[in-house]
Amino acid sequence: MKKMLLIMLLFLTACTNGGPADDSSGENTDQSEESTEAAPEEQQTSEESEEEMSAADIIKNAQSEGSKEVSYEERQTTTISTEERQHVIRTITTRSKQDEIKIAVDDGTDIKTHYIFEGEHFIYQNGDVERQDDGRNIEGSSYGDLISQLEPFKEGTAEQLESGYEIRYEVEGEAGVKPFINDDLESSLEAVDHINGLVLLKFNEDYRYESAELTLTMEMDDETINVSSNITMDKIGEINVIEKPKGM
């Protein structure tokens, strides 16, 4: 159980012109034909340039396009498995344009929903609302903040897709996983003997962050642990306020 809790801590917290104007007036027919023939080559050069866009370019554009956005809905499913057992955790995080956030956690046996707004923390479970003594600060949870936290993945490799862009980040050893865990949890990696995996980040043609996939294989105390996590982003900039249960 201690191992499972460690893995969940590590990875659940880690876890934008048209073409040139026609100025051919005064040119002869041969020049026009040459210009026409050159167009496909220019188009090809442009396409090649787009294909060669780096991961750093994609993240920079994503940050530029989405830095002022606040709200979103993030759905994440994480599966942690060994030879003997499997544990699945599903979370839905909803951030509105207001100073509030909702996090619903389904651990396979129960669903617990956290509401944090105006510094207050409430838990809704089994129809009951319980106010928590610990206040919470949701600073750093906006969409723009999430995009800024993708900075470490600029070292990955980029590929242009039909519908946008993809960044592949290879996880090799402890150094490879550090970019996407909290500093407070780095010491927990000492319990891991070996780790490797892959992170895929996908953006649409306007550099909106759409989804992420994480796959990891870890070795701890002669046991192999497989972690897979899928994240989808939706409703970016569309959520004005979060509905709350009575009693809040």
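I need the full set of residues from the range 75-103 which are open to solvent by 20 Å² or more (accessible area, probe 1.4 Å) and touching a Ser or Thr at 6+ places or on another chain (Cβ under 6 Å), in order please.
Listed by number, the residues that qualify are ARG75, THR79, VAL88, ARG90, ARG95, LYS97, LYS102, ILE103.
Here is a yes/no grid of residues against (1) more than 27 Å from ASP206 (Cα to Cα); (2) modelled with pLDDT under 85:
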{"position": "GLN86", "(1), (2)": "yes, no"}
{"position": "GLY135", "(1), (2)": "yes, yes"}
{"position": "GLN160", "(1), (2)": "no, no"}
{"position": "LEU185", "(1), (2)": "yes, yes"}
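Could you grab me the full set of residues in the range 155-179 that are open to solvent by 60 Å² or more (accessible area, probe 1.4 Å), acidic (Asp, Glu) and part of a strand (DSSP E or B)?
GLU159, GLU170, GLU172
Out of (1) at pLDDT 90 or above; (2) assigned to a helix (DSSP H, G or I), the odd one out for PRO152 is which?
(1)
Which residue pairs have Cβ atoms under 9 Å apart, sit 6 or more places apart or on different chains, and have a first residue in the range 119-135 that is among the acidic types (Asp, Glu) and a second that is in a strand (DSSP E or B)?
Close Cβ pairs (under 9 Å, with a partner that is in a strand (DSSP E or B)) amount to GLU120/ARG131; GLU130/PHE122; GLU130/ILE123; GLU130/TYR124; ASP133/HIS121; ASP134/HIS121.
The values are calculated or read from the model by the stated rules, or taken from the named source; none is laboratory data. Everything quoted here is computed from the prediction, not taken from an experiment. Every residue, glycine as well, gets a Cβ built from its backbone with ideal geometry; the counts of neighbours run over all protein chains shown. These accessible areas exclude ligands, DNA and RNA; they are computed on the full protein's heavy atoms, side chains included. Shrake-Rupley method; radii C 1.70, N 1.55, O 1.52, S 1.80 Å.
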